[in-house]
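Reviewing the structure listed below.
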Amino acid sequence: MLTINALAAADSVIVPVQAHYLPLKGMTQLMKTIGKVQRQINPGLKVDGVLLTLADMRTNLARATADNLRQNYGRVIKVYQTVIPVAVKAAETSAAGQSIYSYDKNGAAAKAYGAFTREVIRSGERNKNAASLSR
């Protein structure tokens, strides 16, 4: 119910997907839920893209999950280029009550979140410019 309420109130959504088999399968169910919310409650809801998270790209599983995500969803949904790596420091931030930028500002996860932020901003600017050109 919490997910549906959040989707009902949102303008857009970025879907985080862990770099494992079962979360990728769960994404199918989430996309069905988003479609239902779009049809019945919030027709203006947009899916901005999918973000691969908790990824250890040294493993075959993470690389296969990323490839599968891009092949199966990349044609219909933006799959962000930035990948958020698995990092112990990122997991520790909640217990410390700090953001990743305060807790480990030079760590891999903080750098990845910074890169992701820049990617989202660039994507938003491109969409805004494209919309203004079509008017």
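The values are calculated or read from the model by the stated rules, or taken from the named source; none is laboratory data. All figures in this text were calculated on a predicted structure; none of them were measured in a lab. Cβ: placed from backbone, ideal geometry, glycine included. Neighbour counts: every protein chain shown.
A few remarks follow.
Every residue, every condition in (1) in contact (Cβ under 8 Å) with a residue 40 or more places away in the chain; (2) surrounded by 14 or more Cβ atoms within 10 Å (Cβ to Cβ), yes or no:
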site	(1), (2)
R75	no, no
Y80	yes, yes
A87	no, yes
Y113	no, yes
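- Count of residues meeting criterion [surrounded by 15 or more Cβ atoms within 10 Å (Cβ to Cβ) and hydrophobic (A, V, I, L, M, F, W, C)] in segment 116-135: 2
- Test: residue in segment 98-107 that is among the small types (G, A, S), surrounded by fewer than 18 Cβ atoms within 10 Å (Cβ to Cβ) and touching a Ser or Thr at 6+ places or on another chain (Cβ under 9 Å): yes
- Take the conditions (1) over 18 Å from the mean Cα position of the chain (by Cα); (2) over 30 Å from N5 (Cα atoms); K128 misses just one of them, which is (2).
- When M31, M27 are screened for being part of a helix (DSSP H, G or I) and modelled with pLDDT of 90 or more, only M31 passes.
- Scanning segment 61-73 for residues that are among the aliphatic types (A, V, I, L, M) and crowded, with 18+ Cβ neighbours inside 10 Å returns A62, A66, L69.
- Considering segment 1-60, the residues that are within 16 Å of the chain's Cα centre (by Cα) and either small (G, A, S) or on the phi > 0 side of the Ramachandran plot (or both) include one that is surrounded by the most Cβ atoms within 10 Å (Cβ to Cβ), namely A19.
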